[in-house]
Amino acid sequence: MIFGSLRLIASSLAFSLAVASSAAARDRPDLPPPHTTEAGAHFDRGATLYMEGDYAAALVEFKRAYDASPAWQVLFNIGQCYFQLRDYANALVTLQRFAAEGGDHIGKDDRATLDAELPDLVSRVARVSVSSNLEGATVSVDDQVVGTTPLKSPVLVSIGMRKIAATREGRAPVQQKLALGAGDTATVRLDFAPVALPPAPLPVSREPALDRPAQRAPNYVPAYVSFVVAAGGVAAGSIFGSLAIDDKTSLDRVCMPSGACPASAETNIRALSRDGTISTVGFGVGLAAFTAGVVLWLTARPSSATTASPQYGPGGITGRF
């Protein structure tokens, strides 16, 4: 499908005739001042740019011409620019407007051209239904705005790779890319992520700051004392245990296997009894103290100290020392 330069010139001539008739009508003093000069200048500039192949600039000039003097003939040239820019969806919509607004005024040759070209454009478009979890989001196709959610009907888009996006104030934008073929009907859901709520503020204490107890580290002093006692008990048990062993060795040298000992061994017998008893007690105290130390360590609680409360009087606040 190629729109030739001769067709563009023909549209230019039709537009010029429409402008001339409009200018003649504005010879009446009760009508607003004419804008045909501005429209004609934009149109001629658009025709020149189109011939030079600058279709994007030509599109802008033709649109300015149509805004200044909305002659339906210009829609054909706008449609041509869209086609050359491969924006088949807008080309189809614009040429359909040209056919609707021109109606019976469209010449036979132009009507034949439309009948041949419109089906080709229809084969170059697809439709996309866009929905979102939020209303009022701005929907765009390839960065061109097409409406706001909820959209009442599917969006007509050109075939190929398309970017469908939605934006809304205060939310991160969302988008999807689609590969669309001729006649496709796609559905896109663009849901915005929920807004993260700020953390709840901590409760503010109503008590004066000086009346609050100062929090400290857990009090491990009782556990330390118990461990020291345990160490002492084990040390005493070990020392006196060694002495008891020596006493037993000495008795084994002088006593008979039957257990009978001479009178001279009485001192060693008493020493063995004493050292054995102290060793047993030492080990017992050490074990008990160590067990108590473990319990006290695991159950230690932070100690607290309350600062001096302020005194209120005629002179203001004074500390008590």
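Each Lys or Arg adds one and each Asp or Glu takes one away; over the other residues whose Cβ falls under 14 Å from the Cβ of Ile269, this sums to -1.
Computing FRET efficiency as 1/(1 + (r/R0)^6) for Asp109 and Val60, where r is the C-beta to C-beta distance and R0 is 30 Å, gives about 0.60.
Assuming R0 = 56 Å, what is the FRET efficiency of Thr148 and Val204, from their Cβ-Cβ distance, to the nearest 0.05? It comes out at approximately 0.85.
Give me the net charge for the shell around Thr48: Cβ to Cβ below 13 angstrom, other residues only, Lys and Arg +1, Asp and Glu -1.
-3
Dividing the radius of gyration of the alpha carbons in the range 126-189 by their Kirkwood radius gives 0.94 for Rg/Rh.
A Cα-only calculation for the range 214-304 places Rg and Dmax at 20.3, 71 Å.
Bridging of Lys248 to aspartates and glutamates at a Cα separation below 15 Å is possible for Glu266, Asp275, once same-chain residues fewer than 8 apart are set aside.
In this structure, Ala193 and Ala116 have a Cβ-Cβ separation that, at R0 = 41 Å, corresponds to a calculated FRET efficiency of about 0.25.
Where a number appears in this text, it was derived from the coordinates with a stated rule and is not lab data. Note that the structure is predicted; figures quoted are calculated from it, not measured. As a convention, Cβ positions derive from the backbone with ideal geometry for all residues, glycine included, and neighbour counts pool all protein chains shown.
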